[in-house]
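The values are calculated or read from the model by the stated rules, or taken from the named source; none is laboratory data. Everything numeric here is computed off the predicted structure, so don't read it as measured data. All Cβ positions, even for glycine, are placed from backbone atoms using ideal geometry, and neighbour counts span all protein chains on display. Each accessible area value is taken on the protein alone, full model and side chains, heavy atoms only, with ligands, DNA and RNA left out. Shrake-Rupley method; radii C 1.70, N 1.55, O 1.52, S 1.80 Å.
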Amino acid sequence: MRKIRNHNEVKMKKVYIYDTTLRDGAQFEGISFSVNDKMRIASKLDELGVDFIEGGWPGSNPKDDEFFKKAAKTLKLKRSILTAFGSTCRADASPASDTVIRGLLKAETEYLTIFGKSWDLHVKAIIKTSLDENLRMIEESIKYLKKKEKRVIFDAEHFFDGYENNPEYAVKALKAALAGGAETLVLCDTNGGSLTSRIFEVVEEVTVAVKAPLGIHTHNDAEMAVANSIAAVQAGCVQVQGTFNGYGERCGNANLVSILPALKFKLGFDCLSEFEFKDLTEASRYIAEISNVKQQDSQPYVGKSAFAHKAGVHVNAIIKNPKSYEHMEPSKVGNKRRMLISELSGKSSIAEKAEDMGVSIDKSSAETKTILTRVQDMEKEGYQFELAEASLFLLMKRASETFKKYFEMEEFRVIIEQRKNGPIVSEATVKLKIGSNVRHTVSLGDGPVHALDQALRKSLVETYPELKEMHLSDFRVRVLDERSATAAKVRVLIQSQDKNDSWWTVGVSENIIEASWIALKDSIEYKFAKDERNKKGKKK
Ligand SMILES: [Zn+2]
């Protein structure tokens, strides 16, 4: 077996985390990020301590342009650096006149990542230019960007395939980028078909041939992306690129959620000590919710089943020693062991969460037990609270004596009607008890949920005028247990906003209207509860 060269020396080096969920990850089938989704994900990555966030490709689509514009104004990153992605200039053209390069400069980021060809086959057969011209395009594009006071990361596209075909030329492409002034040279396994042992060898050879900081960017077409990234870091790469939950075109990109804990907890890369590993599970689920992709229960490290133990021999062994059937301590990545004895740790995490949210409960109290049981039951029904923290807050409040009811629902009815040649009309009626009054309100809406929302507010706004400043800003529906033989359940997530905050609430039911109603009701109750909490906070 080969020995890893200077392993301890490599481990001492800083490894930079480069996330491309917002660019490469957005290519995943089924994902379509809005500008606000991108802002939310970027803020979450910043909280975690990711070093670089690749925000998109400015100039390639209006959404990415808008994102960079908005980011420059309002995205206040504390720990991460935002980068914009693009390509070198085209053949036989100067960088100054190139539209791609100009688009990049508009993004107003300090760092730019540009990709260029390092596989001779691509140069000759795809962009149809000479090998020398391609090297010029790389070097001059970077030189030009440096002149514009940008810091540049170079992605060598198809590097590993190029290296197999013509190693000398692939290395020349890297050297052209270095001569242009690139800070980091990223070796890409763009087609995702390389095997781990070969990745290790090639990276080792490149570290000898080129004296520059190297990065690794792999795709998962042979299901090797995580292993390949880790091997590349062991062989000397100091930047690891990937996406959250492995989102990406075809079979996805390298999954940072699996790579990072392996580097930290299995290989002891001290340099990741700043990263908030304890929030990894929550962040992975949060990003899955925003992406509207169901997180796999079996996702390593962070999935719901990653540390779940079924009854029997395993549980007995786990009680004696968790190491017996677990590859690592789940709490290190913010995940939970799931089985009966987890109740104790469950209670303390509920108490901790409550404290975070400003609800005071005692870990050993009956209330905590009630909340925990309720959360577990609701999760079984299909609820998830990682994003919908406002609903979790209400659940805790309802279990405590401090919960104040502002209204009670007596009845609601929704009618959807289409008359011959007419538009579809949605009408909702709600009957609410507000104090000692019972109020009946009818409202039309653009759809059944909108009508329901309108009726609910109309009924309440006279008594509670603060509701005028609140509106719905996002609405998401996910079908749960698609395989179930009976009616499938849906989970509805609603985002609401007032002038100070935005919050998510959740409802689950076999009936989409009922699920929406639960989430709507929570959204209004949360508005009341949070205003009250803020008032109290100010008095102190
Ligand atoms: Zn890629």
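Key figures for this structure:
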| quantity | calculated |
| --- | --- |
| Additional length obtainable on full extension of the chain from Val479 to Lys70, 0.36 nm per residue less Cα span | 144.0 nm |
| Rg(Cα) / (2.2 N^0.38 Å) computed for region 326-454, rounded to two decimals | 1.48 |
| Three-way shape call for region 225-282 based on the alpha-carbon gyration tensor, with the a/c threshold at 1.5 | oblate |
| Intensity falloff of region 116-160 expressed as log10 I(q)/I(0), Debye formula with alpha-carbon point scatterers, at q = 0.20, 0.24, 0.32 Å⁻¹ | -0.65, -0.83, -1.11 |
| Share of carbon and sulfur in the accessible heavy-atom surface of the chain [1.4 Å probe, %] | 50 percent |
| Hydrodynamic radius of region 112-233 per Kirkwood, over alpha carbon pairs, in Å | 14.2 Å |
| Contour excess over end-to-end distance, with Cα ends at Lys175 and Asn534 and 0.36 nm allotted per residue | 123.5 nm |
| Three-way shape label, region 400-537, alpha-carbon gyration tensor, a/c 1.5 | oblate |
| Quotient of Cα Rg and 2.2 N^0.38 Å for the chain, N being how many residues it contains | 1.11 |
| Karplus-derived 3J(HN,Hα), 6.51/-1.76/1.60, for each residue of region 179-190, Hz, glycine and proline x | 5, x, x, 5, 7, 9, 10, 9, 8, 9, 9, 5 |
| Euclidean distance of C-alpha centroids, region 244-284 and region 447-463, integer Å | 43 Å |
| Probe 1.4 Å, protein heavy atoms only - accessible area per residue of region 43-199 in square angstrom | 43 Å² |
| Separation in nanometres of the label points that stand 7 Å from Cα toward Cβ, at Arg198 and Ala366 | 6.7 nm |
| Derived scalar couplings ³J(HN,Hα) [region 215-224; Karplus, 6.51 cos²θ - 1.76 cosθ + 1.60; whole Hz; x for Gly, Pro] | x, 10, 9, 10, 10, 9, 5, 10, 6, 10 |
| Nearest-20 debye value, region 34-114 charge dipole, Cβ charges on Lys, Arg, Asp, Glu | 320 debye |
| Full-extension gain in nm, Glu110 to Lys336, via 0.36 nm per residue minus C-alpha separation | 77.5 nm |
| Rel. contact order, % - alpha carbon contacts under 8 angstrom, at least six apart, region 91-199 | 31 percent |
| Region 145-207 - Debye-derived log10 I(q)/I(0), Cα point model, q = 0.28 Å⁻¹ | -1.23 |
| Estimated FRET transfer efficiency (Cys251, Lys320; beta-carbon r; R0 41 Å; 0.05) | 0.55 |
| R0 of 60 Å, Cβ-Cβ distance Thr207-Lys499: FRET efficiency to nearest 0.05 | 0.65 |
| Integer Hz, Karplus 6.51/-1.76/1.60 couplings in order for region 164-169, x for Gly and Pro | 5, 7, 7, x, 4, 5 |
| Nonlocal amide H pairs with Thr88, under 5 Å, H built at 1.01 Å | Phe115 |
| Distance (nanometres) between label positions extended 7 Å along Cα→Cβ at Ile127 and Asn191 | 1.8 nm |
| Most to least packed among 272-284, 382-394 [average Cβ atoms within 10 Å] | 382-394, 272-284 |
| FRET efficiency, Glu466 to Ser273 (Cβ-Cβ, R0 41 Å, nearest 0.05) | 0.40 |
| Value of Rg/Rh across region 173-215 [Cα atoms, Kirkwood radius] | 0.99 |
| Cα-projected label distance for Asn165 with Ile424, points at 7 Å along beta-carbon direction, nm | 5.1 nm |
| Relative contact order (percent, whole number), the chain, Cα cutoff 8 Å, 6+ residue spacing | 9 percent |
| Residues with amide H under 5 Å from that of Arg250, placed H, sequence gap 5 or more | Glu29 |
| Calculated P(r) of region 8-70 - Cα pairs past 20 Å, % | 32 percent |
